[in-house]
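In what follows, a single structure is set out as structure tokens and then discussed.
The values are calculated or read from the model by the stated rules, or taken from the named source; none is laboratory data. Bear in mind that the values here come from a model prediction, so they are computed numbers and not experimental data. No Cβ is skipped: glycine too gets one built from the backbone with ideal geometry, and neighbour counts run over all protein chains shown. Each accessible area value is taken on the protein alone, full model and side chains, heavy atoms only, with ligands, DNA and RNA left out. Shrake-Rupley method; radii C 1.70, N 1.55, O 1.52, S 1.80 Å.
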Amino acid sequence: MDKYDQVVGWITGNWVGALALLILAALAALPQVRDGTLLLWSWARRALARDNAGLDESPIVIDTGDERVTFTELLRSADYDVVKVHAHNHILGVGAEYKWIKRRYPKSERREQRLTTLDILSGKGKYKANQVHFDVVTIALPDGREKKIYFDISSFFGGGISTVLNPEGVLARKLAELYKL
């Protein structure tokens, strides 16, 4: 008995199941029903993925009185994220970084934080206005992996001492590409 004969045998032997399949096929042919079903399916998948991974992908905006801090997520990967922080002062900016981490990686643990600079022009370690400054936060994920988050803090960084990111390194080249330098 081939597959066609098996399907016909099932349909004739299970008229309730065949009727249900016929109704589902008719409903699926209606665009509104099909689009609504696809929308519900995508919401369910995102909800399940968020619950499983612990990730919240909605945009993050932090309002503190008269100030608003927003983020531009330039790159998200398994090993590191690059996030531009739009803040007006240092205290708000750094506090916003921690809230971003808590929102994106709620079950993570902060391990290390350091300041680094992508020296766009000269590769030297002195602070200059034409540099891009990053607050690099290393977190431990629930599965034991570590991840680095490069927060671009150029909008509120007021100077100071930082390490220089090797302008010839892989990450520096990727950052230069992201910033179209």
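Across the stretch 101-119, what is the total count of residues that are under 21 Å from Lys174 (Cβ atoms) and within 15 Å of the chain's Cα centre (by Cα)?
Adding up the residues that qualify gives 3.
Given the residues Ala87, Ala78, which is the only one that is of a type in the set (Gly, Ala, Ser), loosely packed, with under 13 Cβ neighbours inside 10 Å and in contact (Cβ under 8 Å) with a residue 60 or more places away in the chain?
On the way: Ala87 fails: loosely packed, with under 13 Cβ neighbours inside 10 Å.
That would be Ala78, the only listed residue that is of a type in the set (Gly, Ala, Ser), loosely packed, with under 13 Cβ neighbours inside 10 Å and in contact (Cβ under 8 Å) with a residue 60 or more places away in the chain.
Among the residues in the stretch 50-64, are any exposed (fewer than 14 other Cβ atoms within 10 Å of the Cβ), charged (D, E, K, R), outside any helix (DSSP H, G or I) and at pLDDT 80 or above?
Within the stretch 50-64, one or more residues are exposed (fewer than 14 other Cβ atoms within 10 Å of the Cβ), charged (D, E, K, R), outside any helix (DSSP H, G or I) and at pLDDT 80 or above.
Residues in the stretch 33-46: is at least one modelled with pLDDT under 80 and within 14 Å of the chain's Cα centre (by Cα)?
Checking the stretch 33-46: at least one residue is modelled with pLDDT under 80 and within 14 Å of the chain's Cα centre (by Cα).
Mind checking which pairs have a first residue in the stretch 12-32 that is open to solvent by less than 70 Å² (accessible area, probe 1.4 Å) and a second that is in a helix (DSSP H, G or I) and of a type outside the set (Asp, Glu), Cβ under 6 Å, 6 or more apart or different chains?
If the second residue must be in a helix (DSSP H, G or I) and of a type outside the set (Asp, Glu), the pairs left are Ala18/Ile11; Ala28/Arg34.
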